[in-house]
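Step one of this worksheet: look at the structure below.
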Amino acid sequence: MDKKEEDFLKKLLLTFKIEAKEHLSAINEGLINLEKSSPEKETDLIETIFREAHSLKGAARSVNLKEIESLCQSMENIFASLKRKECAASPQLFDVLHRAADCVSKLISGEQEINISERKNINEVINLESVLMGVPIQKQQIEKEPKKKELIQSIPLTETVRISTAKLDSILFQAEEMLSVKLSASQRAAQLQEIGASFAVWKKEWTKIQPDIRVLAGDIQHKQENEKLLAFFNSNHDFIKSLETRLILIAKSAENDNRQFGGMVDNLLEDMKKVLMLPFSSVLGAFPKLARDLSHESGKEVELLIEGEDIEIDRRILDEMKDPLIHLLRNCIDHGIEKPDERRLKKKPPCGTIRFALTSRDGSKIEIVVSDDGAGINASLVKSAAIKRGILSLEEAGKLSEQESFPLIFRSGISTSPIITEISGRGLGLAIVREKVEKLNGIVSFETQADIGTTFRIIVPLTLATFRGLLVQVKDQLFVLPAANVERALRISSGEIRTVENLETISLNGEILSLVRLGNVLELPGKSSLDMITQIVILGSEAKHIAFVVDDILHEQEILVKSMGKLLSRVRNIAGATVFGSGRVVPILNVHDLMKSAVKTAPIKKPAVTETEAKRNTILVVEDSITSRTLLVNILETAGYDVKTTVDGLDAFTALQNQEFDLVVSDVDMPEMNGFELTAKIRADKNLSEMPVVLVTALESREHKERGIKVGANAYIVKSSFDQSNLLEIIRRLI
């Protein structure tokens, strides 16, 4: 194949991927709807999915992707059989179809590594006779291309165009840069106005000196010299008046140009924002399938309701919010929704409900509410996790109320899961949610009630390009505070400041607020001024409010955010920068960092584990396979642990009676005594009951994981997704 053909094939495959993802998204959405549909809607849904599979098959054939073509052909066979009422839809059939769609997705993305389980899924779909309850599908040609009148009408080609997002981003970036030029032009127009205003001062002084000039003109003794001087004064006066007239005309012209240019820039930027605005459905469209997969895996019944998914938002924000929303969905299913039997005991419907509701706020923000009707968050478990991680001491935990302990769930490492698996229990999900939302200058909060459910509220801007900011001055330096986080700006007298436990406070609307000096928080050199009148800005984040003292509050204005580059991607207390029309660079403050920096009491930290201390930790490895045993020993010894091995549970329990260990890593399927039995025996022994146990096994079904939880394992790692860094991270958390 020559270079030209190779380049053509690459372009063709790229086009296929874009088209295929659209077809696959429609197939997944159709399967979810079909599974929940009423009998009268089934025919239309089957027809829709049938056509999408048919179109995807044709596209795959055009680029010679035989495996995708075969899968689509088999899916067509199923839908043809369903259309002819030769078989009935069943949960087992839907499971196979969803697995088939997953395999197609992997093949489309170009993943070459299809594991044994996935290969089995592919073969199962391609040989579908056994799936359809023993009803054979006739090996016949699927219906030919539908007639033109039956085709779903599409938007005319002339109204749409495919263009890479990189090119669109480049155009948007240049449009955003024009906002900086607009601000600069506005600054120049203002400067011309100021210069024009200065002529009023000149006129005033000229009026004052005119009597003296007249006296001078009447001096007979120096008449000749005075006439020259008078002529100069008159000429100077006429020149300055002419200069004033010209300046006024230029200033008016500059103001007019600035108005027109500003309107053009605003319209261009607004249109460019609309180009890159996407509906939330472009992300949430995959969530019903994700909810289905997660609920089936955890043995729960879940209905996902989505409201307001047509609201459009900046694609860059949408990209950043995808992971947090997935984490929240996973959190609702893993930790919130109970299993059907448990829900029945609580007199709840066996199927739990998770709701995603999106609404616009103030035209510049969007509120995302994620709620479930599950068990709620257990404050005692949150406190226990915080104590275990060294974030709280027992004494500090005892002083915290339920409401005060709930915000700890956003701390990294805090998890109420009874067991660590490859998808949950590490306490990172909600920490990632907060980090991502804060990065977007957003706010996240939540409410929870036992057995009623939990509601998370996220407020983020509609666009990343600009926002309203409050300009403040601290020790001769300017800073911008995001207006979204400013609760109030006001002046107070020094007599209103009270000292409580060596901390300055103020009382506002009956609430006592901590008072800190922004210059001290930012560690700026010099002393803060202590005036009789103090200017303060009250900032709010995560239901906390703190009053910050500033030297001056200037004004609120539109701010264009500038990145500070990779080398300064994460500077404490700084979120970015903006450039004013004068060319001055002004930092934009990170409110969430400021709130943390303002807190005087630092959390108790666990001392760092040195290499010498790590080597004193001894781990017992229980594994009957010599290959797996050798692998585990090498990983653990390389990480600095002392390791002892046994080949079955009985041997391991004897070793535990005779020697002290810090942790047990065990297989499950072993002779004499399996890993479940060993874990249960360890938990029943009063001397060993607190011993951390990590199960590393090939058994990946939900039933086996649940049994692992029941017998008291601390972590459950499936060998098919084994990662040594994952194992070491879990061990570090448990020891």
Qualifying residues in segment 21-47 (those that are free of Cβ contacts under 8 Å to residues at least 24 places away in the same chain and among the hydroxyl-bearing types (Ser, Thr, Tyr)) - the one surrounded by the most Cβ atoms within 10 Å (Cβ to Cβ): 37
Single residue of 319, 310, 362, 341 found to be touching a Ser or Thr at 6+ places or on another chain (Cβ under 8 Å) and among the charged types (D, E, K, R): 310
Test for residue 397: is it crowded, with 17+ Cβ neighbours inside 10 Å, over 25 Å from the mean Cα position of the chain (by Cα), farther than 22 Å from residue 352 by Cα and free of Cβ contacts under 8 Å to residues at least 40 places away in the same chain: yes
Unique match (being within 32 Å of the chain's Cα centre (by Cα) and modelled with pLDDT under 70) among 515, 589, 594, 567: 567
Filter pass, residue 675 being within 22 Å of residue 733 (Cβ to Cβ), surrounded by fewer than 18 Cβ atoms within 10 Å (Cβ to Cβ), under 42 Å from the mean Cα position of the chain (by Cα) and not basic (Lys, Arg): no
When residues of segment 441-458 are limited to those that are crowded, with 20+ Cβ neighbours inside 10 Å and either modelled with pLDDT under 90 or of a type in the set (Ser, Thr, Tyr) (or both), the one farthest from residue 266 (Cα to Cα): 448
Pair list, Cβ < 6 Å and 6+ apart or interchain, from segment 626-646 residues that are closer than 15 Å to residue 666 by Cβ to residues that are of a type in the set (Asp, Glu) and in a helix (DSSP H, G or I): 643/637
Residue ID - modelled with the lowest pLDDT, chosen from residues in segment 293-314 that are under 30 Å from residue 168 (Cα atoms) and surrounded by 21 or more Cβ atoms within 10 Å (Cβ to Cβ): 314
Top-ranked residue in segment 331-370 [being in contact with a strand residue (DSSP E or B) (Cβ under 9 Å, 6 or more places away or on another chain) and without any contact (Cβ under 8 Å) to a residue 24 or more places away in the chain; ranked as surrounded by the fewest Cβ atoms within 10 Å (Cβ to Cβ)]: 349
Condition broken by residue 616, with the remaining ones in (1) under 20 Å from residue 728 (Cα atoms); (2) at pLDDT 90 or above satisfied: (2)
Odd one out for residue 287, checked against (1) closer than 18 Å to residue 179 by Cβ; (2) surrounded by 17 or more Cβ atoms within 10 Å (Cβ to Cβ): (1)
Residue 94 vs. criteria more than 28 Å from residue 10 (Cα to Cα), in contact (Cβ under 8 Å) with a residue 60 or more places away in the chain and not assigned by TED's automatic domain parsing to the domain that holds residue 302: yes
Residues within segment 371-399 that are of a type in the set (Val, Ile, Thr) and farther than 30 Å from residue 734 by Cβ, tallied: 0
Flag if residue 248 is at pLDDT 80 or above, touching a Gly at 6+ places or on another chain (Cβ under 8 Å) and of a type in the set (A, V, I, L, M, F, W, C): yes
Residue in segment 305-313 that is part of a loop (DSSP other than H, G, I, E, B) and touching a Lys or Arg at 6+ places or on another chain (Cβ under 8 Å) present: no
Count of residues meeting criterion [modelled with pLDDT under 80 and in a loop (DSSP other than H, G, I, E, B)] in segment 348-396: 8
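How many residues does segment 267-284 contain that are assigned to a helix (DSSP H, G or I) and either of a type in the set (A, V, I, L, M, F, W, C) or loosely packed, with under 15 Cβ neighbours inside 10 Å (or both)?
Total satisfying the criteria: 10.
The values are calculated or read from the model by the stated rules, or taken from the named source; none is laboratory data. Keep in mind the model is a prediction, meaning the values are calculated, not measured. Counting neighbours? That spans all protein chains shown, and the Cβs are built from the backbone with ideal geometry, glycine included.
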